[in-house]
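Every number here is computed from the coordinates shown, using simple stated rules; none is lab data. These numbers come from a predicted model, not from an experiment. Cβ: placed from backbone, ideal geometry, glycine included. Neighbour counts: every protein chain shown.
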Amino acid sequence: MNLSGTYDSDNIFAKILRGEMPCVKIYEDEDVLSFMDMFPQSRGHTLVIPKQASRNLLDADADVLATLIRHTQTIARAVAAGLKPDGLILTQFNGTAAGQTVFHLHFHIIPRYADMNMGRHSSGRMADMSDLKDLAEHIKEHL
Ligand code: 5GP
């Protein structure tokens with residue numbers, strides 16, 4: 001997919017926002033939704049998405065972006081407090097050539113642990129749902 005184009009309302013995150021697909025939720029309000037990545041690159045890999053539709057950073061409304069990054073900081077702090085990683089990576093991909101696979105704007109919060117390698121982006125290795133729920137509970141305790 002090119003950087004530009006029209007928003008496809010059948011993308012997986014749009015379906016999650018409409019409640020048509022399940023997710024392991026961490027936080028939701030009128031502006032954003034945060035949930036566990038189903039194919040995590042590390043223990044506690046978390047996604048934060050705006051409710052307003054945009055494909056990526058370039059077509060997003062600036063106010064939506066500002067709200068999104070504010071919430072991303074809050075959730076990253078909760079991930080840090082709840083899971084005690086040694087570090088955190090924040091990523092966001094724009095366009096297929098950059099690695100983007102879901103065309104609804106999102107930030108990845110990827111905890112890093114000194115003694116654990118990070119998995120590949122889009123590895124397709126699905127997490128165990130009960131593990132994800134357990135991790136989400138640890139994060140939510142700090143929100
Ligand atoms: P992107 O490649 O677009 O930056 O990131 C998309 C992310 O969504 C990937 O990390 C991928 O593992 C995750 N993902 C893909 N499908 C699903 C899904 O159905 N549910 C959840 N929770 N995450 C998904």
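Within region 1-15, track down each residue that is of a type outside the set (Phe, Trp, Tyr) and buried (at least 20 other Cβ atoms within 10 Å of the Cβ). Once the filter is applied, which keeps residues that are of a type outside the set (Phe, Trp, Tyr) and buried (at least 20 other Cβ atoms within 10 Å of the Cβ), region 1-15 yields nothing. Of the residues making up region 35-52, those that are surrounded by 21 or more Cβ atoms within 10 Å (Cβ to Cβ) and farther than 23 Å from residue 121 by Cα number 0.
Scanning region 12-44 for residues that are more than 13 Å from the ligand (Cβ to nearest atom) and of a type in the set (Asp, Glu) gives 28, 29, 30, 31. Taking every residue in region 1-15 that is touching a residue at least 24 places away in the same chain (Cβ under 8 Å) and over 8 Å from residue 104 (Cβ atoms) and pairing it with any residue that is surrounded by fewer than 15 Cβ atoms within 10 Å (Cβ to Cβ) and of a type outside the set (A, V, I, L, M), at least 6 positions away or on another chain, the pairs with Cβ-Cβ distances below 7 Å are 1/96.
Pick out the one residue from 115, 134, 128 that is of a type outside the set (Ser, Thr, Tyr), free of Cβ contacts under 8 Å to residues at least 12 places away in the same chain, more than 9 Å from the ligand (Cβ to nearest atom) and closer than 25 Å to residue 11 by Cα. Sole residue among the options that is of a type outside the set (Ser, Thr, Tyr), free of Cβ contacts under 8 Å to residues at least 12 places away in the same chain, more than 9 Å from the ligand (Cβ to nearest atom) and closer than 25 Å to residue 11 by Cα: 128. Please verify whether residue 66 is part of a helix (DSSP H, G or I), among the small types (Gly, Ala, Ser) and farther than 30 Å from residue 3 by Cα, treating the condition exactly as stated. Spelling it out, it is not the case that residue 66 is part of a helix (DSSP H, G or I), among the small types (Gly, Ala, Ser) and farther than 30 Å from residue 3 by Cα.
When each of 32, 79 is tested for being touching a residue at least 60 places away in the same chain (Cβ under 8 Å) and either under 25 Å from residue 126 (Cβ atoms) or within 13 Å of the chain's Cα centre (by Cα) (or both), the lone residue that passes is 79.
Here is a list: 111, 85, 40. Which entry is out of contact with any Phe, Trp or Tyr (no Cβ under 9 Å at 6 or more places or on another chain), more than 24 Å from residue 2 (Cα to Cα) and part of a loop (DSSP other than H, G, I, E, B)? Before the answer, list the steps.
On the way: 111 fails: part of a loop (DSSP other than H, G, I, E, B); 85 fails: out of contact with any Phe, Trp or Tyr (no Cβ under 9 Å at 6 or more places or on another chain).
Of the residues listed, the single one that is out of contact with any Phe, Trp or Tyr (no Cβ under 9 Å at 6 or more places or on another chain), more than 24 Å from residue 2 (Cα to Cα) and part of a loop (DSSP other than H, G, I, E, B) is 40.
Of all residues in region 85-112, those that are under 18 Å from residue 13 (Cβ atoms), touching a residue at least 24 places away in the same chain (Cβ under 8 Å) and of a type in the set (Gly, Ala, Ser) total 1.
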